[in-house]
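Report on the following structure.
The values are calculated or read from the model by the stated rules, or taken from the named source; none is laboratory data. Source: prediction; values computed, not measured. Don't worry about glycine lacking a Cβ; one is built from the backbone with ideal geometry, like all the others, and counts go over all protein chains shown. The area values use the complete protein model at the heavy-atom level, side chains included, leaving out ligands, DNA and RNA. Shrake-Rupley method; radii C 1.70, N 1.55, O 1.52, S 1.80 Å.
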Amino acid sequence: GLPAALPTLPLELTVLYNSLLFTVGATDSAIEGEAEGIRQGLLRVLEACGASGQDLSTEELWQKVLQEVKMKDLQAPVHRLGALQAAWWLAASRLGSVTSLFRLLSNTEDLRRAHCSNGENELLSLLKAWQVPPEEDSLPLVQSAEDVKEVLCTAAAFLQGLQELEAGNFPAALSLLQEATGGFCSKTILAQIYTCLSCCAQRMGKPQTALQHLRRALQVDFQCLPALSHVAALYHELGETDAELQSLALLYEALEKNPPAAASSSPHSLIRTELLVHTPILSSLLHRRHPSEVKYLLAQRCLQDGRVADAVEHYLDFLALLQEGLQQQVPLDGDSALPRIPEVFLEAASALKQAGRQQDAIIMCEEVIRRTTNLIPRMLRVEERLEQLECPLPGAGLASGLPSQKDSLRCLAWRAAGFLHQGWAWATLGKNKEAVTQFSRCLNDLLRVQLYGSGVEPAESLLPEVKVLQKIRLLSLIGRGAQFLEQGKHKEALLDFQHGLQISPGDPTAASYLVQALWKLNRKQEAAARWQKFSQNPTGEDELQERCGPFSFRSFPLYLVSCLRQATFPHGESLSRSIQDYLGITSQESSS
């Protein structure tokens, strides 16, 4: 409450400087908001000089203070407060305000040194050229202004590099982040900077350079687990599955141990880079995965790569984690690797089927069917074109547990896929009757959907959910038709294959089975004509490759891939020989 006096202002401002640093050090959390203490200190300076500035903004207040202060003894305390003000503004990403402040703090000689040519960063040039006034030995500081300057330089380079990275200016981001690696910071921050450098290199199409940056990050701080997560993602991009799985296994092991955060290499620094740089893009790039997410990724990658035994083990481990309630700790947001839980069950069922554990797969699918039964309306009428489903169905609101048509379609797809998997599992076990029953249940379920539109929409314009439902219907028709053939019900089989070709004209498997059904019905001339037409169609083989090849992972959910592979025609060579023999005989008869 004492009036401000010029002789005591240096001591007063030094006490303020130290107290602000102690406050930051005591909280040890990211700096946020305005530094009201700095503003009050500036107003005390103006009061001592016989001026006022209550109505001025903080930027205007700094400008007036630096114009009013002429005393040499006040230069150092004011500049120290300026460094702290820059720290608060950097933490708020107010780079323009920091640049303007250091233009005011710099003298003519500083500005001459900071003069930068095109391409150089003005803020970094000003910070480097700023000459910190000499400290007085009689006034001890808890952190020197020179140390704060070094932190400001590192944080400014890091922050601007992140902004350029987010804006897509990758060369500029690369230069700024490399500048930050040479700054004053802890090992934790240095590893984070290298991780950001790797993301920049990856987006520039340089995956090997990105890997080098990630290796450097892990050398600096092996507890930088986001770097290990990025390593796995890069190996996935490069197609190096063994290395990717090893990285994921290491990541899972490290997350399970849950190591403490690495200690700062500069424990006596109260203002640190990590307190100044906390932007959304950094949080996104350094997203720390939950162990269950990594376990799921291991399961998914193994299934995609055909490592069925490993996939089964990982899926069962993951489902055990779900039973322990760990899914409550993993937010299903855009950063999460986890799909919806029914899809995980279906993927696990797919892995179990491929591992020969058909009964376990049937039980797994039964769980999906049970959980989704009450979530699907009796009838769904949807637009088949690629448009946003904005109008909810009557009774499909929160009261019925169905927030949207898309969710209803997804639930229907999961339930129908459960029946589909069960059908193929029973077929593998040689249980034709049970297989037909499950395929029929799948098809009956899909009758709930009424599509309206032109009816001839190109595939690329269909809603993704509609595409999945159509593929499930096709696979069920093929599966049931194949079982009818084995039961000797050739007419019923023929109808299923005809319906399948209506859904997907030119589908090679449905077309092949159709020919076989005609052949068994002794409609050999019609079968031969169909076969010749199909054999002359060059797209048939391409469609088969698309169905079973690696691109099927991108076109349809992973849980459908095993069914896509099962729904292939196994008698192609024998049927082809029979038809060719028939054509040869008929040709001889006609010529004679």
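In Å², what does the accessible area per residue of segment 1-134 work out to with a 1.4 Å probe?
Numbers: 6600 Å² over 134 residues.
Per residue, segment 1-134 has 49 Å² of solvent-accessible surface.
Once you place label points 7 Å from the Cα toward the Cβ at Ile503 and Gln131, how far apart are they in nm?
So the label points at Ile503 and Gln131 sit 8.1 nm apart.
Skipping prolines and chain starts, which residues have an amide H placed within reach, meaning under 5 Å, of the one on Val449, given they are 5 or more residues away or on another chain?
Amide H to amide H, under 5 Å and 5 or more residues apart or across chains, Val449 pairs with Leu380.
Could you check the simple spin-label distance between Ala529 and Arg203, using points 7 Å along Cα→Cβ, in nm with one decimal?
That separation, rounded to one decimal, is 6.0 nm.
By per-residue mean of other Cβ atoms within 10 Å, what is the highest-first order of 468-477, 229-238? It would help to have the intermediate numbers written out before the result.
Details: 468-477: 24.6, 229-238: 20.4.
With the highest mean Cβ count within 10 Å placed first, the list reads 468-477, 229-238.
For Ala92, list long-range residues whose amide hydrogen, built 1.01 Å from N in the peptide plane, is under 5 Å from its own amide hydrogen.
none
Hey, what do the phi angles of segment 54-61 turn into as Karplus ³J(HN,Hα) couplings, whole Hz, using 6.51/-1.76/1.60 and θ = phi - 60°, x for Gly and Pro?
3J(HN,Hα) across segment 54-61, in whole Hz: 4, 8, 7, 6, 4, 4, 5, 5.
Per-residue counts of other Cβ atoms within 10 Å, averaged by peptide: what ranking do you get for 312-322, 54-64, 84-94, highest first? All intermediate terms of the calculation are to be shown ahead of the outcome.
Numbers: 312-322: 19.7, 54-64: 15.2, 84-94: 22.0.
Going by the mean number of other Cβ atoms within 10 Å, highest first, we get 84-94, 312-322, 54-64.
Karplus couplings for segment 343-355 from phi (6.51 cos²θ - 1.76 cosθ + 1.60, θ = phi - 60°), rounded to Hz, Gly and Pro as x?
These are the phi-based 3J(HN,Hα) values: 5, 5, 4, 5, 5, 4, 4, 4, 5, 5, 4, 5, 7 Hz.
Per residue of segment 571-583, what does 6.51 cos²θ - 1.76 cosθ + 1.60 with θ = phi - 60° give for ³J(HN,Hα)? Whole Hz please, x for Gly and Pro, Karplus curve as stated.
10, x, 5, 5, 5, 4, 5, 4, 5, 5, 4, 5, 5
If you split all Cα-Cα distances of segment 1-134 into 10 Å bins from zero, what percentages do you get per bin, shortest first?
Reading upward from the zero bin: 11, 42, 36, 11, 1, 0.
Where does each of 497-505, 152-160, 414-422 land if you order them by average Cβ count within 10 Å, highest first?
Values: 497-505: 17.1, 152-160: 25.8, 414-422: 28.2.
The most tightly packed comes first, giving 414-422, 152-160, 497-505.
Distance cut-off 29 Å, Cα to Cα: go down the list Lys72/Lys187; Lys70/Lys149; Lys295/Lys431; Lys257/Lys406 and report the pairs above it.
On the way: Lys72/Lys187 38 Å; Lys70/Lys149 23 Å; Lys295/Lys431 34 Å; Lys257/Lys406 39 Å.
Beyond 29 Å between Cα atoms: Lys72/Lys187; Lys295/Lys431; Lys257/Lys406.
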